[in-house]
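Quick notes on the structure that follows.
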Amino acid sequence: MARPKKDSQIEWIGEIPSAWEIKRLKAIFLERKEKNDPLKTDFILSLGVNYGVVPYAEKEGGGNKAKEDLTDYRLAYPNDIVMNSMNIISGSVGLSKYFGCVSPVYYMLYPRNPQYDVRYYCYLFQTKEFQRSLLGLGNGILMKESSTGTFNTVRMRIPMEKLGVQGLPVPDQEEQRKIADYLDEKCSEIDSVISSTEKTIEEYKDLKQSIIIGAVTRGVRGQRPMKDSGIEWIGCIPEEWDILVAFQLFDQVKCKNEGVVEQNLLSLSYGKIKRKSIDTIGGLLPESFDGYNIIEKDDIVLRLTDLQNDHTSLRVGLSNERGIVTSAYVTLRNHSKNLPLYLYYYLHSFDVCKGFYGMGGGVRQGLNWDGLKLMKIVVPPIEEQHEITAYLEEKTAALDELIASKQRLLTELETYKKAVIYEYVTGKKEV
C-alpha cells in the first residue's frame, strides 16, 4: 500500500511522503570557511562532475592550474560536501574522502547535527531537478572556449546566501540512511556497467586509430617488398611509395575575411570541423570576423597551439565546406594531385601518434607553417590512395556507428541513474 503523500510546495520536488519535512539548506548545513592560513596542508583537492572529489594530481582534463600560494585556499575535511560555486548547475558536487585544501570558489558544507546524512544530501544535490532549480540564481553567464575550440556556457558564481534559502526534503534519520545505502549499492551497479561501456568505446576508438595508421603507413594490399622510411613513428613502407615534405604538397591558406564576406563560422572540435553560430553573444568570440581565414572544401585545418603542455590529439580536421576559421589555426590547401582525404588521414595518424606533441616553440609553444613545411609525408601512388581511402571510409564508418551506439547506451545509463536517484531522494519510491 502506497504511503500517504503531501505537496512539498517546491516545484522541482513535487509530492513527498507526509512524514517528511521541508527545511532550508542553511538549517541543515553549515558552511566551512576555514582558510589554509597559516598553512595546514599542501594536499590539494580537485572536484569534477564525472569523478567527484579527488587529489589534484588525479584530476582529469584541463581547467585552472593550482596556485603556488596555498594560504588563499580553504580546507575540506572528510565527509564534507564540496560544491563548485561556479558549476553547481552542471553537477559539480561531491563528497570528500580527504583532508586537504581547495580553491576558494568551492563551498564546503557539513551537517549541523548527526540527524542529517551527508550521503543522502550529496545524492540529492546531484539530481538534475535540483540543479535546474538553481537556474537564474547565478551572477551572470560566462562563455568559455575549450582547448578543442568548442564554446561552453558556464553559469557564474551562485552566492551562498541564495543557495542557503533553497528548500530541501528531510526524511527521518533512519530513512536517510536506508536511501543512501540503497543508492550506494544501486549506483555502484550502474557505474560498473558505465565503466565497462566506456572501456568498450575506448577499445573501438583504439581499433579505429590502429586501422587508419596501418593503412596510411603500409597500405591495404597485404604482404609485399618494404623499405625503411627513415621516419621513426612509421618504420618500413612499401617499396614503391614516395616520401615528400609538406611544402611539396600544401600551401598555407591566408585568405582574410575582409568585409566579412563569408559568415559560415567553422570550428575544429575533437577532430571534426563543425558549424558555429556567428551570432553567439559574449564569451571569446571577436567583435569582428575580418581577421578570420576563409577556407574551402578539402582544406586541412590544424590546431597547433600549446604543444608542450597539451597531450590532446584530434588536432586535425578536413573541411567539407567553405567557411571561416580563426587565424589561430594553421590551414593547409593541397596543390598536388594527391587525394586530400588521404593526406588528411596521414596527418591524423601523425597526430594520434603524438607527432605534434613537443614540436612547438616560443612563448605560446605552438607550431606554424614554417615549422611544419619540412615535415616528411609518405605518399603512395594515386591509385593506391583511392584504395586506402575507400577502405578507411568503410571501416571507420562501421566503427563510428558502433561507438555511437555505445555512447547512446551511456546516455541512457546516466539518465536512468539520475532518475533512480531522484525517485528515492524525493520519496517517490520507498526503499
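The values are calculated or read from the model by the stated rules, or taken from the named source; none is laboratory data. Since we're looking at a predicted model, the values are computed, not measured. Virtual Cβ from ideal backbone geometry, glycine too; neighbours counted across all protein chains shown.
Figures for the structure shown
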item	result
Extreme residue, farthest from the chain's Cα centre (by Cα), among residues of segment 7-62 that are of a type in the set (A, V, I, L, M, F, W, C) and closer than 12 Å to ALA76 by Cα	PHE43
Residue within segment 164-180 that is among the acidic types (Asp, Glu) and in contact (Cβ under 8 Å) with a residue 12 or more places away in the chain present	yes
Scope segment 15-36; condition farther than 27 Å from LYS162 by Cβ and either loosely packed, with under 12 Cβ neighbours inside 10 Å or not small (Gly, Ala, Ser) (or both); matching residues	PRO17, SER18
Members of segment 369-427 that are free of Cβ contacts under 8 Å to residues at least 60 places away in the same chain and of a type in the set (D, E, K, R)	ASP370, GLU383, GLU393, GLU394, GLU401, ARG408, GLU412, GLU423
Selected residue (criterion: nearest to ARG333 (Cα to Cα)) from residues of segment 348-370 that are modelled with pLDDT of 85 or more and charged (D, E, K, R)	ASP370
Test: residue in segment 84-96 that is farther than 28 Å from SER192 by Cβ, at pLDDT below 95 and under 24 Å from the mean Cα position of the chain (by Cα)	yes
Within segment 81-117, considering residues that are assigned to a loop (DSSP other than H, G, I, E, B) and touching a helix residue (DSSP H, G or I) at 6+ places or on another chain (Cβ under 8 Å), the one nearest to TYR182 (Cα to Cα)	ASP117
Residue check, ILE243 buried (at least 21 other Cβ atoms within 10 Å of the Cβ), at pLDDT 95 or above and among the β-branched types (Val, Ile, Thr)	no
Residue satisfying all of: in segment 385-425; of a type in the set (S, T, N, Q) and in contact with a helix residue (DSSP H, G or I) (Cβ under 8 Å, 6 or more places away or on another chain); nearest to SER195 (Cα to Cα) among these	GLN407
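Table: residues versus (1) modelled with pLDDT under 90; (2) basic (Lys, Arg); (3) over 16 Å from PRO381 (Cα atoms); (4) outside the structural domain of LYS354 (by TED's automatic domain parsing).
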residue	(1), (2), (3), (4)
ARG218	no, yes, no, yes
ILE234	no, no, yes, yes
ILE237	no, no, no, yes
ASN257	no, no, yes, no
SER269	yes, no, yes, no
LYS276	yes, yes, yes, no
THR280	yes, no, yes, no
TYR292	no, no, yes, no
ILE295	no, no, yes, no
